[in-house]
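Read through the structure below, which is laid out as structure tokens, and then see the notes.
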Amino acid sequence: MIRDVLIASMNKGQFPLALVSLIVVTLILKMPSDDVSKLVFSLIEKLESGVLVTNLMLIASLGGWFFHAKYQRRIITVEIERLSEERTALQHSQIGNRVKSSKGE
């Protein structure tokens, strides 16, 4: 399972994030249970005091940026394809089939 996740993350360009996550999970699993509970309580205490709020806001804004960029790429791709089809139709109506397609058709 881990191999499949790492291969998929390589294909999508998220290998460093997957590797860091895997290392963190491994370190937490290898820690004694008393230390894990201390770590959890320490993180909760820092969240309540507001120390980690900026880090959480950074993660949220980076996630928002990622999904917004993905959304924009999809919209721009659809628009470019629409304009390409419109240009091709206009070329065919003006000069006929004398122009070869750039798609190799």
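Here, each number is a calculation from the coordinates, and none is a lab measurement. What you are looking at is a predicted structure, and each value in this text was computed from that prediction instead of being measured. Glycine gets a Cβ as well: all are built from the backbone with ideal geometry, and neighbour counts include every protein chain shown.
Here are the numbers for the structure shown:
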quantity	calculated
Ranking of 90, 47 by count of other Cβ atoms within 10 Å, fewest first	90, 47
CD proxy at 222 nm, helix term only [per DSSP H run n ≥ 4: -39500 (n - 2.57); per residue of the chain; nearest 500]	-28500 deg cm²/dmol
Excluding exposed DSSP-loop trypsin sites (Lys or Arg not before Pro) (at most 12 other C-beta within 10 Å), longest clean stretch of the chain	13-99
Size-normalised alpha-carbon gyration radius of region 50-105, reference 2.2 N^0.38 Å	2.10
Cα point-scatterer Debye curve for the chain, base-10 log of I(q)/I(0) at q = 0.23 Å⁻¹	-1.21
Residue 56-residue 94 pseudo-label distance in nm [points 7 Å out on the Cα-to-Cβ vector]	5.7 nm
